[in-house]
Each structure stands twice: as C-alpha cells, then as structure tokens.
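**Q** What follows is a single structure, and I will ask about it in a moment.
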C-alpha cells in the first residue's frame with residue numbers, strides 16, 4: 001500500500017473542534033474573530049476564559065479567574081536565582097531554549113538533577 005503525504009495542510013483536517021475556526025485565513029475562537037478580540041483590547045485572561053467556557057467573562061468572572069491564575073504564579077527567590085544563573089551561564093542561548101528550560105525547572109515533577 002502506498003501512502004500519499006500532502007505537500008501542505010490545505011484541506012487537511014487534524015481534528016474537529018468547537019473552539020477554533022480558520023476560514024479564509026481568519027482565526028476565530030468560539031465565534032469571536034481574533035482580530036476583533038485584539039482590536040477591542042481583550043486581555044489574555046479573558047481569551048483564556050473564552051477558550052475554557054466558550055464565552056467572554058463578565059467583570060466578576062474575569063476577576064475570579066485572574067485571582068485563581070495569579071495564586072499559582074509566585075516564583076521563589078531560589079528559582080529566580082537559578083534562572084539568573086542559567087542566563088548568565090548560557091549568554092548565547094536562544095531565548096526559546098532558555099524559556100523551555102525555565103518551564104522544565106518549575107514543573108512539579110522535576111527531579112533534583114541538574115538541567
């Protein structure tokens with residue numbers, strides 16, 4: 001059996017979703033055009049809520065989400081020190097490589113092995 005591999009993703013459906021739609025090179029989340037969300041200054045947190053709940057949040061829902069998100073965003077002084085050391089020890093590293101390593105450093109299942 002011969003397998004045909006398309007040369008692009010045109011007309012290739014990877015998964016059906018109710019969250020996103022790409023039509024005529026326009027991206028929409030839950031029915032909201034991404035260009036409109038940007039033009040209206042919709043915050044990252046509000047778009048996150050939209051993706052999770054398929055609707056934009058009211059002010060109280062947005063405040064609740066921000067509170068919940070920000071509780072988990074505390075970085076310890078030891079992590080910040082490790083991050084400074086990482087950047088200092090690898091001054092020519094690509095920023096995305098440093099970010100990937102930093103994310104690995106905060107992962108709860110991280111071992112104590114050097115990175």
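The values are calculated or read from the model by the stated rules, or taken from the named source; none is laboratory data. A quick note: this is a predicted structure, and the numbers were derived from the prediction, not measured. Every residue, glycine as well, gets a Cβ built from its backbone with ideal geometry; the counts of neighbours run over all protein chains shown.
**Q** Scan region 16-57 residue by residue and report those that are more than 25 Å from residue 70 (Cα to Cα) and part of a strand (DSSP E or B).
**A** 20, 21, 22, 23, 26, 27, 28, 32, 33
**Q** Do we have any residue at all in region 67-90 that's modelled with pLDDT of 95 or more, in a loop (DSSP other than H, G, I, E, B) and closer than 26 Å to residue 29 by Cα?
**A** Looking through region 67-90, none of the residues is modelled with pLDDT of 95 or more, in a loop (DSSP other than H, G, I, E, B) and closer than 26 Å to residue 29 by Cα.
**Q** Answer with yes or no whether residue 46 is under 15 Å from the mean Cα position of the chain (by Cα) and either surrounded by 13 or more Cβ atoms within 10 Å (Cβ to Cβ) or within 22 Å of residue 103 (Cα to Cα) (or both).
**A** When the stated conditions are applied, residue 46 passes them.
**Q** Among the residues of region 52-91, count how many are farther than 24 Å from residue 107 by Cα and touching a residue at least 24 places away in the same chain (Cβ under 8 Å).
**A** Residues meeting the conditions: 3.
**Q** Here's another thing I want to ask about it. Given the structure, is residue 49 in contact with a helix residue (DSSP H, G or I) (Cβ under 7 Å, 6 or more places away or on another chain) and free of Cβ contacts under 8 Å to residues at least 60 places away in the same chain?
**A** So residue 49 passes the test.
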